[in-house]
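J.: Quick one: the structure is below, and I'll ask about it shortly.
Read-outs throughout are calculated quantities, based only on the coordinates presented, and are distinct from any laboratory measurement. All of these numbers come straight from a predicted model, not from anything done at the bench. All Cβ positions, even for glycine, are placed from backbone atoms using ideal geometry, and neighbour counts span all protein chains on display.
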């Protein structure tokens, strides 16, 4: 992840948001929320680029703007100002259905609380994103089983989320995020609800699948273990990127 | 099973108790609508059957009869009615539709019982018909209501002197004892004495005239004898004797107190005397009620073609009570349906709103994965529709079971306007429109009800939904 330092006195010239080598490009992005009569500026004039195929981390205190930034990159929220480009697509050009389709094809999510659909089995949870992109039944089955096998849950395919442990649920969530082979996977505190041993194994798994699939991973996390595995580490404070450093595999 | 159907079905099972309560509300709605609708349908069929058995589907009158004729039936007779009947009978379009084609003669007059110790007289409304035709008409039961009547052997085509009177008229003319009627009190002595002394001379004349007519007709006197006095078409008084073969109760008290049924020939003799015999009406009973509009249109065209000044009335025109009952029960059915619809609407809205609230985070996750807003909307609408389908299916099954129980219990009731009990039935099977209509209406209400919270779910901000705990 390459941060462009914000300098209020001399703003950087507006870069082209056309085809690029960056998986994610943000240019002078701001996001303001209104909570009652109070206006909260969650992100302030953020500009950054995240290269493809990297294992990147956003770190920062609670309320610093990590999740807001991930939401914008994940196209589930819209910037108040500035431009967001994901996989070469300026998301502002897309209407609601096109944004949904774009997410279905290009972005995978891993949530802190796993967010599996409780009425579906592990297999069906993993299969679900493939249905959203219209993959044929035979191919769906092949890829779903392959993905469950990759996360070590082939034997638990028929089990519902309430029959799985926290670690197993997160493995299903990882399989679900990766099964459609997205260009970008976003993970918001993926190990926060897991004990340290399970968190470590999940982290190892994510690193492994990222290496194998060469998918771009972007995390928001406090977890020191996770940070130590990151290629790019980005520090965010009060809605601004204040530091960028290269991590494990620069 | 498709993936969306799987999700929908499992989500319904996820909150079994809530889904069960909502489904029960839908089932109760279907049950109430089907049972009441079936009952109303049977009432309509029963009333129509009774009406058609008595009045046929269509009656041809001389123009103006319907408005002015009942006060002067003799003045509104159809000339050469047999030729008109021949015209109708010979028509290739009408012939296959007709079950019975028969003339009738209405009349008004005074009936007197001057035999033995009784001297009583009373105005009457008379109806003359061909007994064998009436018996055939009373066999008509297109809707299988079980209301077909056994032939009435008391009147016959061969013996024109016999007649039937309303129970109330029999009581007022002192016929209770001679006819051995139960529940019919004898006439007070004062009434008899008063009548006797006041009209003795006139009564004797009437008896003499009636006896002369009876001798001329060669009719045997079997039951108690009444003398019927009426004005002929020419305005002269005429008297005939009627041998009362029995009573025929009428469902409406006013009619029961005035009714006399007699052979057409006797009625014509009384109204037209020795002049040309006419008929007040020509009754057409059709094989199938659905042919009524076509038959009516054909009659109109036929009469126009032959320059006949005749008008046509259907059983609804002749019996406004039928239309009133249909309107009343239709109104009640509509009201019940609306109440049930509102209950189903609120039950489904409530359930689906709770489902959306409980699954807000799940909605956010699914939307983040790439589901379109329309997909979320469709999922929740499908859930409401599925609850509607299942609830209606259970309600329909329960209604069928209860209807079968009622229909086999041998219950009877006396419909308004009827004098005799008829079987009590709930006609669900005979009315596919009711079943399909109820099913569609409740499923549509449930679907529409689900649409409101489903739309809210579809419009949720993905970020807000993901934050929801």
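J.: Compute the angle between helix B:360-369 and the longest alpha-carbon principal axis of chain B, please, reported from 0 to 90 degrees and rounded to the nearest 10.
T.: 70
J.: Along the Cα→Cβ direction, 7 angstrom out, place labels at residue A:52 and residue A:37. What is the inter-label distance in nm?
T.: It is 5.1 nm.
J.: Go ahead and estimate [θ] at 222 nm for chain A from helices alone: -39,500 (n - 2.57) per DSSP H run with n ≥ 4, summed, over the residue count, rounded to 500.
T.: Per the formula, -10000 deg cm²/dmol.
J.: Between residue B:142 and residue B:10, how high is the FRET efficiency from 1/(1 + (r/R0)^6) when r is the Cβ-Cβ distance and R₀ = 45 Å? Nearest 0.05.
T.: Working: r = 49 Å, r/R0 = 1.09.
After rounding to 0.05, the efficiency reads 0.40.
J.: Okay, next question. So for chain B: antiparallel DSSP bridges make up what percent, rounded to the nearest 5?
T.: 80
J.: Between residue B:158 and residue B:464, with labels modelled 7 Å along Cα→Cβ, what's the label distance in nm to one decimal, could you check?
T.: 9.2
J.: Arranged from highest to lowest average of other beta-carbon atoms within 10 Å per residue, in what order do the peptides B:252-260, B:26-34 appear?
T.: Packing order, densest peptide first, comes out as B:26-34, B:252-260.
J.: Given the rule -39500 (n - 2.57) for each run of at least 4 DSSP H residues, summed and divided by the residues of chain B, what is its mean residue ellipticity at 222 nm, to the nearest 500 deg cm²/dmol?
T.: For chain B, the value works out to -18000 deg cm²/dmol.
J.: What's the whole-number percent of alpha carbon pairs in chain B lying beyond 32 angstrom?
T.: I get 56 percent for the Cα pairs in chain B exceeding 32 Å.
J.: Any chance you could give the angle, 0 to 90 degrees and rounded to 10, that helix B:320-358 forms with the longest Cα principal axis of chain B?
T.: Relative to chain B, helix B:320-358 is tipped by roughly 10 degrees.
J.: Taking only C-alpha pairs under 8 Å that are 6+ residues apart, what is the relative contact order of chain A in percent?
T.: On the way: 501 pairs, mean separation 67.6, N = 250.
Relative contact order comes out at 27 percent.
J.: Within 10 Å of each Cβ in A:90-103, how many Cβ atoms from other chains are there, averaged over the peptide?
T.: Mean partner-chain Cβ count within 10 Å for A:90-103: 2.
J.: Can you work out the FRET efficiency for the pair residue B:255 and residue B:24, with r the C-beta to C-beta distance and R0 = 56 Å, to the nearest 0.05? Intermediate values should be presented prior to the final figure.
T.: Numbers: r = 47 Å, r/R0 = 0.85.
The computed FRET efficiency comes out at 0.75.
J.: Continuing with the same structure: I'd like the Kirkwood hydrodynamic radius of the range B:64-308, using the inverse of the mean 1/r over distinct C-alpha pairs, in Å. Walk me through the intermediate numbers first.
T.: On the way: mean 1/r = 0.0519 Å⁻¹.
Here the Kirkwood hydrodynamic radius works out to 19.3 Å.
J.: On a 0 to 90° scale, report how tilted helix B:373-407 is relative to the longest principal axis of chain B, with both axes built from alpha carbons and the result rounded to the nearest 10.
T.: The angle comes out near 40 degrees.
J.: Mean separation of Cα pairs under 8 Å and 6+ residues apart, divided by the residue count of chain B: what relative contact order is that in percent?
T.: Working: 818 pairs, mean separation 129.6, N = 469.
Relative contact order for chain B comes out at 28 percent.
J.: Need one number: % antiparallel among DSSP beta bridges in the protein assembly as shown, to the nearest 5.
T.: About 70 percent, rounded to the nearest 5.
J.: How large is the convex hull of the C-alpha atoms of the protein assembly as shown per residue, in Å³?
T.: Dividing the Cα hull volume of the protein assembly as shown by its residue count gives 249 Å³.
J.: Sort out for me the Cα centre separation of the range B:21-47 from the range B:392-415, rounded to whole Å.
T.: Taking the Cα centre of each part, the range B:21-47 and the range B:392-415 sit 10 Å apart.
J.: Now, a different point. With an 8 Å cut-off on Cα pairs and a minimum separation of 6 or more residues, tell me the relative contact order of the range B:64-308 in percent.
T.: Once normalised by length, the contact order is 32 percent.
J.: Give the percent of DSSP beta bridges with both residues in the range B:64-308 that are antiparallel, rounded to the nearest 5.
T.: Counting only bridges with both partners in the range B:64-308, antiparallel ones make up about 75 percent.
J.: Related question: Measuring from label point to label point, each 7 Å out along Cα→Cβ, what is the residue A:193 to residue A:62 span in nm?
T.: That separation, rounded to one decimal, is 1.6 nm.
J.: Please work out the Cα convex hull volume for the range A:125-250 and give it in Å³ per residue.
T.: For the range A:125-250, the hull spanned by Cα atoms encloses 121 Å³ per residue.
J.: How much length, in nm to one decimal, is gained on full extension between residue B:444 and residue B:68, taken as 0.36 nm per residue of separation minus their Cα-Cα distance?
T.: Once the chain is fully extended between residue B:444 and residue B:68, it gains 130.3 nm.
J.: Turning to a different aspect of this structure: Just to confirm my numbers, what's the Cα centroid distance between the range A:204-224 and the range B:298-353 in Å?
T.: Measuring centre to centre over Cα atoms gives 71 Å.
J.: Same structure, new question: With r defined as the distance between the Cβ atoms of residue A:81 and residue B:455 and R0 fixed at 35 Å, what FRET efficiency is calculated, to the nearest 0.05?
T.: Plugging the Cβ-Cβ distance into 1/(1 + (r/R0)^6) gives 0.70.
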